[in-house]
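First up is the structure itself, then whatever we jot down about it.
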């Protein structure tokens, strides 16, 4: 016949396991929680870099950048207003043939000629969708991609 304390775990053993799991969760969860916003910021930077490359190709083919009014849409459709490109690439300049929104669902801001860069400026307003901000709410700007903390 078995004694009752030889089977299973004691209350103290279970409490020790729960405490250990709590400590581990306290160490791991804070590191995981900040990653989605960091990933969104990285994605926005990559998208801006892709726009910059596509705009440079547009310029090489046509000798000018799309105007602010033509916007980034000029990378997927030949503009029909303003200065019309004579050597527009068939199929446009961006894969997917659509202008993505920033990772927070807001449109990118395109200004040409640029205020900060002579050719053009591209801006994502960050998580808050408003100009300025700090941390995850900070704007992501084409002329500051290398200067932003954590880059």
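Along each of its three principal axes, how wide is the spread of alpha-carbon positions in the chain, in whole angstrom units, largest first?
Extents along the principal axes: 94, 32, 21 Å.
May I ask you to derive the FRET efficiency for residue 87 and residue 50 from their Cβ-Cβ distance with R0 = 22 Å, giving the value to the nearest 0.05? Kindly include the intermediate steps, with their values, before the conclusion.
Details: r = 21 Å, r/R0 = 0.95.
So, using R0 = 22 Å, E works out to roughly 0.55.
Fewest first, what order do 68, 80 take by the number of other Cβ atoms within 10 Å?
Values: 68 15, 80 7.
If I rank by nearby Cβ atoms, fewest first, I get 80, 68.
May I ask for the distance between the Cα centers of segment 97-127 and segment 34-60, given as a whole number of Å?
9 Å
Nearest 10 degrees is fine. How inclined is helix 35-62 to the longest principal axis of the chain, computing both from alpha carbons?
That works out to roughly 20 degrees.
I'd like the FRET efficiency for residue 136 and residue 11, computed as 1/(1 + (r/R0)^6) with the beta carbon distance as r and R0 of 41 Å, rounded to 0.05. Don't skip to the answer; put the middle values down first.
On the way: r = 43 Å, r/R0 = 1.06.
Calculated value: 0.40.
Kindly express, to the nearest 10 degrees and within the range 0 to 90, the angle between helix 11-33's C-alpha long axis and the longest C-alpha principal axis of the chain.
10 degrees
We did not get these values from a lab; they are worked out from the coordinates using the rules stated. Predicted model only: the values in this text are computed from it and were never measured. Positions of Cβ are generated from backbone atoms using ideal geometry, with glycine treated the same way; all protein chains shown enter the neighbour counts.
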